[in-house]
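J.: This is the structure I have questions about; it appears just below.
The values are calculated or read from the model by the stated rules, or taken from the named source; none is laboratory data. Since this is a predicted model, take the numbers as computed values, not measurements. Methodologically, a virtual Cβ is constructed for each residue, glycine included, from the backbone with ideal geometry; neighbour enumeration extends over all protein chains shown. Surface areas here come from the heavy atoms of the whole protein model, side chains and all, with no ligands, DNA or RNA. Shrake-Rupley method; radii C 1.70, N 1.55, O 1.52, S 1.80 Å.
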Amino acid sequence: MLRFINLPHIFLTCFRTVEPLEYYRRFLKENCRPDGRELGEFRTTTVNIGSISTADGSALVKLGNTTVICGIKAEFAAPPTDAPDKGYVVPNVDLPPLCSSRFRSGPPGEEAQVASQFIADVIENSQIIQKEDLCISTGKLSWVLYCDIICLDYDGNILDACTFALLAALKNVQLPEVTINEETGLAEVNLKKKSYLNIRTNPVATSFAVFDDTLLIVDPTGEEEHLATGTLTVVMDEEGKLCCLHKPGGSGLTGAKLQDCMSRAVTRHKEVKKLMDEVIKSMKPK
C-alpha cells in the first residue's frame, strides 16, 4: 500500500504538480502507475477501420486517450526513373495544435518529422508492401499511396498508434483495375473491379519508457514520456523478426533489458494482430 494513499486529494494534486517525478517514483516502487496500470500493462486499445468514406483506405486507432486517424489516397504517377517497375508509399504524420497544447501551428515540428521518418523506416524495413506491387505499367504508370496520419488527441506513445493505424488503413485499401490503352496510351480504370493490397507483413510497434535509467514501463502516457530518462520503440512482424528499433538518445539499456523489450514486443504483436483480425472479420458481409 502506498504511504500517501490516505492523504487528502488536494495534497496529492499539489505533490504531483510540485514533485511529479517523486510522485511517480512512489507508485513505481509498488510496481504500479498513477493511472492504475501495472508496469507492463497497455492501455485499452481500439481500432475502427473504414472511418473516412472519401479515402481509399482509413482507420482510427485509440490507445488510451491517444487517438490517431490514418487516411490513404491512391493517385497515378510516373514510376521513378531509377526503378521503373515500382510505385510509391508516401507517409506523413501531422501533430496539430488540436491534439495538444505542446504543438504549434505552422511547418511540421521536430516530433512530427521524427514520427514521419519512423513510419517511412517501418514501411521500408518491414516490406509491408512491395513497391513492385504498385506498378501498373513498367516505365509508364504506377500507384502512389499518400498515407496521412493525423493525431486527434495526444497522450503519449504516438509511434505505436501511428504504426497500428497505418497497417489497419492499408488493409482497408482497394485499388481499381487499371489497364493502358495501347492505341491512345491512356489509362483506363475499371471501378467495378477492385482488389485489396497485398500486405506482405504485419509490423506492430511496442514502446517503452525508462525511469531512473533502469525501470521499464510499456505504453507510456505523455506525462510518463516527459519524466522518463529514455524511450525505446521496437517494431516486430508476425514471424518475430525485428523490423525497426527506435531509440532517440536517453538512458542506455543492457542486452538483457533489450531482449526483454523484444520479448514483450512479440507478445504485444499477437494481441494487436488478434484485435485487428477480429475487427476485419466483423466487417465482412455474412
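J.: Tell me yes or no: at least one residue of the range 127-148 is among the acidic types (Asp, Glu), in contact with a strand residue (DSSP E or B) (Cβ under 6 Å, 6 or more places away or on another chain) and assigned to a helix (DSSP H, G or I).
T.: There is no residue in the range 127-148 that is among the acidic types (Asp, Glu), in contact with a strand residue (DSSP E or B) (Cβ under 6 Å, 6 or more places away or on another chain) and assigned to a helix (DSSP H, G or I).
J.: Ok, one more. Show the residue pairs that are 6+ apart or on different chains and have beta-carbon atoms under 8 Å apart, the first residue being within the range 153-176 and more than 22 Å from Leu197 (Cα to Cα) and of a type in the set (Gly, Ala, Ser), the second being open to solvent by 10 Å² or more (accessible area, probe 1.4 Å) and not in a loop (DSSP other than H, G, I, E, B).
T.: Cβ pairs passing all conditions: Gly156/Gly222; Gly156/Glu223; Gly156/Glu225.
J.: Do we have Ile119 as part of a loop (DSSP other than H, G, I, E, B), modelled with pLDDT of 95 or more and open to solvent by less than 40 Å² (accessible area, probe 1.4 Å) here?
T.: In short, no.
J.: Next question. Determine the pairs where a residue that is closer than 16 Å to Ala59 by Cα, located within the range 261-286, has a partner that is charged (D, E, K, R) with Cβ atoms under 7 Å apart, the partner being 6 or more residues away or on another chain.
T.: Lys273/Glu238; Ile280/Lys171
J.: State all residues of the range 92-142 that are among the acidic types (Asp, Glu) and more than 13 Å from the chain's Cα centre (by Cα); if no residue qualifies, say none.
T.: Result: Glu110, Glu111, Glu124, Glu132, Asp133.
J.: Looking at Asn202, Asn157 in this structure, which one is open to solvent by less than 20 Å² (accessible area, probe 1.4 Å), in contact with a Leu (Cβ under 7 Å, 6 or more places away or on another chain) and more than 22 Å from Val89 (Cβ to Cβ)?
T.: Asn157
J.: Additional query: Which ranges mark the strands (runs of 3 or more DSSP E) fully within the range 195-253 that have 1 or more residues being without any contact (Cβ under 8 Å) to a residue 60 or more places away in the chain and hydroxyl-bearing (Ser, Thr, Tyr)?
T.: Those strands (runs of 3 or more DSSP E) span 204-211, 230-236.
J.: Go through (1) over 27 Å from Gly64 (Cα atoms); (2) surrounded by fewer than 14 Cβ atoms within 10 Å (Cβ to Cβ) for Leu197 and report which single condition fails.
T.: (2)
J.: Scan the range 234-244 residue by residue and report those that are among the hydrophobic types (A, V, I, L, M, F, W, C) and open to solvent by 60 Å² or more (accessible area, probe 1.4 Å).
T.: Leu242
J.: Any idea which of (1) under 27 Å from Ala55 (Cβ atoms); (2) within 19 Å of the chain's Cα centre (by Cα); (3) open to solvent by 60 Å² or more (accessible area, probe 1.4 Å); (4) not aromatic (Phe, Trp, Tyr) is the one Lys247 doesn't satisfy?
T.: (1)
J.: Please pick out the residue among Thr221, Thr254, Thr231 that is open to solvent by 60 Å² or more (accessible area, probe 1.4 Å) and either among the β-branched types (Val, Ile, Thr) or in contact with a Lys or Arg (Cβ under 6 Å, 6 or more places away or on another chain) (or both).
T.: Going through Thr221, Thr254, Thr231 in turn, the sole match is Thr254.
J.: While we're here: Go through the range 21-87 and tell me which strands (runs of 3 or more DSSP E), entirely inside it, have 1 or more residues that are of a type in the set (D, E, K, R).
T.: Fully inside the range 21-87 and qualifying: 57-63, 66-77.
J.: Which numbered condition in (1) touching a residue at least 24 places away in the same chain (Cβ under 8 Å); (2) among the hydrophobic types (A, V, I, L, M, F, W, C); (3) in a strand (DSSP E or B); (4) open to solvent by 10 Å² or more (accessible area, probe 1.4 Å) is the only one that Val189 fails?
T.: Among (1) touching a residue at least 24 places away in the same chain (Cβ under 8 Å); (2) among the hydrophobic types (A, V, I, L, M, F, W, C); (3) in a strand (DSSP E or B); (4) open to solvent by 10 Å² or more (accessible area, probe 1.4 Å), Val189 violates only (1).
J.: Across the range 5-52, which residue is modelled with the lowest pLDDT among those that are β-branched (Val, Ile, Thr), open to solvent by 50 Å² or more (accessible area, probe 1.4 Å) and farther than 17 Å from His226 by Cβ?
T.: Ile5
J.: In the list Ala205, Ala209, which residue meets the criterion of being hydrophobic (A, V, I, L, M, F, W, C) and in contact with a Pro (Cβ under 7 Å, 6 or more places away or on another chain)?
T.: Ala209
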